[in-house]
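The values are calculated or read from the model by the stated rules, or taken from the named source; none is laboratory data. Given the structure is predicted, the values throughout are model-derived calculations rather than measurements. Don't worry about glycine lacking a Cβ; one is built from the backbone with ideal geometry, like all the others, and counts go over all protein chains shown. Each accessible area value is taken on the protein alone, full model and side chains, heavy atoms only, with ligands, DNA and RNA left out. Shrake-Rupley method; radii C 1.70, N 1.55, O 1.52, S 1.80 Å.
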Amino acid sequence: MSTVPSAPIWRAWVEQYRSHRASYIGATWHWQPHEPGLILTTYTGGRHEFSHARDLPFLLDVSERLQESLAAARDQVATELTHIRPVMPDEDQPWSSLAAEFDLHRTLLAVAAGEAQVNPSRVAPPGEVAVIRQICDGLAICNPIIIAWELWQVVTLWQAAADTLDDLIADLLLELELADEELLAATSGRLRPAAAAGLIRRQRALRGEPGDLRRVPDQWQGWSHDDRRWSRISQVEADKHMDNPYVRWQRGLPLVAN
């Protein structure tokens, strides 16, 4: 696929996105650390405490429903990716350019795009999606990259809720210390010992034990004020093009090269 016709569109969209991100200090839509917990309690009927083996099937049901909503949020991002892909530069690793702009690993975007094609969600997207689309409709300057970036914030919110649930399940499994036969009986075979062990390993490696600061929900994952405004690739370009008159600038960092 030739990049000649689409290259100007890509550059213009990236410039608009970078300006948008800088202007809103990350994104127009922000969520607060308590919101993932609110989502979770909506699914648990307000319950916060889980201490019995009989709670495991209930938590597994909640996990499935949360994952369906999370997938529906990713599908909304994938809708915008279908508009972005034709104008992206040719690259050996698909989605690398956009992932660099979003400060994400490219596999996250590849999974979102792939899942929407082969296994689209069967549930309605979270209500935040409609809010963001309404916000984007009201922006003076908008394009699919900006919309995808804003919708990705919904993905981070629902992923934080899913991570919090994994914390609960891992903590409960370790507290109960069920034998393999007891685990299979308590979950009617839905959670096998190997899967439970894998969940605990992943959760402890990524999130730690109760009280670990990694468990505190954070939309920006500890990014600094400047990191929220400017992607790492923008900051690299600032160092490379500081003396280049063919680069447009805003607030001390480049948008895109002419």
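I'd like to know which of S234, V154, H105 lies farthest towards the positive end of the charge dipole of the chain, counting +1 on Cβ of Lys and Arg and -1 on Cβ of Asp and Glu. Selected residue: S234. Which of the trypsin sites (Lys or Arg not before Pro) found in region 1-62 are loop residues per DSSP with 12 or fewer other Cβ atoms within 10 Å of their Cβ? Here the trypsin sites (Lys or Arg not before Pro) that fit, given the DSSP loop and packing criteria, are R54. Among the GluC sites (Glu not before Pro) found in region 7-72, those both in a DSSP coil and sparsely packed, with 13 or fewer other Cβ atoms within 10 Å of their Cβ, are E49.
Please compute the length gained on full extension between A53 and A179, using 0.36 nm multiplied by the number of residues separating them and subtracting their Cα-Cα distance. Kindly include the intermediate steps, with their values, before the conclusion.
Values: separation 126, 0.36 × 126 = 45.36 nm, distance 1.13 nm.
Extra length from A53 to A179 when fully extended: 44.2 nm.
Using a Förster distance of 25 Å, how high is the FRET efficiency between S19 and Q93, based on the Cβ-Cβ distance and rounded to 0.05?
Working: r = 26 Å, r/R0 = 1.05.
After rounding to 0.05, the efficiency reads 0.40.
What a 1.4 Å probe finds exposed on the chain is 54% carbon and sulfur by accessible area, rounded to a whole percent. Between V216 and H34, the modelled labels are 1.6 nm apart [label points 7 Å from Cα along Cα→Cβ]. Considering helices alone, the calculated mean residue ellipticity of the chain at 222 nm is -19500 deg cm²/dmol, with DSSP H runs of length four and up weighted by -39500 (n - 2.57) and normalised per residue.
Considering only G37, G189, G114, the mean-square fluctuation computed in a Gaussian network model of the chain, springs between alpha carbons under 10 angstrom, is largest for G189.
A simple charge model with +1 on the Cβ of Lys and Arg, -1 on the Cβ of Asp and Glu and nothing else charged puts the dipole of the chain at about 660 debye relative to its Cα centre. Region 138-201 and region 81-129 have Cα centres spaced 20 Å apart. Between A12 and Q134, the modelled labels are 3.0 nm apart [label points 7 Å from Cα along Cα→Cβ].
Within the chain, helices built from complete DSSP H runs that reach 15 Å or longer along their own axis (Cα positions) and carry a mean Kyte-Doolittle hydropathy of 0.0 or higher are 55-84, 106-118, 127-137, 144-176.
Loop-only check: which trypsin sites (Lys or Arg not before Pro) in region 158-210 are DSSP coil with at most 16 other Cβ within 10 angstrom?
Working: sites: R190, R201, R202, R204, R207; in loops: R190.
Answer in residue order: R190.
Summarising the label geometry, the points placed 7 Å from Cα in the beta-carbon direction at L60 and T41 lie 2.7 nm from one another. Rounded to the nearest 0.05, the FRET efficiency derived from the C-beta distance between I200 and A124 at R0 = 25 Å is 0.20.
Distant-in-sequence amide contacts of W220, defined by a placed amide H-H separation under 5 Å and a gap of 5 or more residues or a different chain, comprise nothing. In the set (i) 7, 29, 38, 22, 4, 0; (ii) 6, 26, 31, 20, 11, 4, 1; (iii) 6, 28, 35, 21, 8, 2, 0, the label that goes with P(r) over Cα pairs in 10 Å bins from 0, in percent computed for this structure is (ii).
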